[in-house]
Amino acid sequence: MRIEIRGMERLSFRERQVVALKETGHSNSEVADRLGVSVSTVSTLFSRARSKGYQVVLIVDGDPLGVFGDEHDELAEGD
């Protein structure tokens, strides 16, 4: 499983860093510590990035969540 952030070309380098960390579950203080900036800077960068628009897409390979079971296998065989 992985994430893809679409529309990142509209973001600055620093906004990309913040978005990548925030969208993978890091808190503002964790992001601030990792990037060496203040928590308010993280908030500002994340807010700017959100206003520019981007989309987070979860890409799931196979069935790691175990939600499709045998039905999914049967459908795949019929294709």
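Read-outs: derived from the displayed coordinates by stated rules, not from any lab. Fair warning: this is a prediction, and the values are worked out from it, not measured in the lab. Neighbour counts are summed over all protein chains in view; Cβ atoms, including those assigned to glycine, are modelled from backbone coordinates with ideal geometry.
Kindly state, to the nearest 0.05, the FRET efficiency for Phe13 paired with Val60, given R0 = 22 Å and r defined as their beta-carbon distance.
0.20
Taking square-rooted eigenvalues a ≥ b ≥ c of the alpha carbon gyration tensor, is the chain rounded, prolate or oblate, where a/c under 1.5 means rounded and, failing that, a/b exceeding b/c means prolate? Please report the intermediate quantities before stating the final value.
Details: a/c = 4.42, a/b = 2.50, b/c = 1.77.
Prolate.
Quick one: length gained pulling Ser51 to Glu4 fully straight, 0.36 nm per residue minus the C-alpha distance? The partial results should precede the final answer.
Numbers: separation 47, 0.36 × 47 = 16.92 nm, distance 1.83 nm.
Stretched fully, the Ser51-Glu4 segment lengthens by 15.1 nm.
When only C-alpha pairs under 8 Å and at least 6 residues apart count, what is the relative contact order of the chain, in percent? Can you show the working numbers first?
Values: 62 pairs, mean separation 35.3, N = 79.
Answer for the chain is 45 percent.
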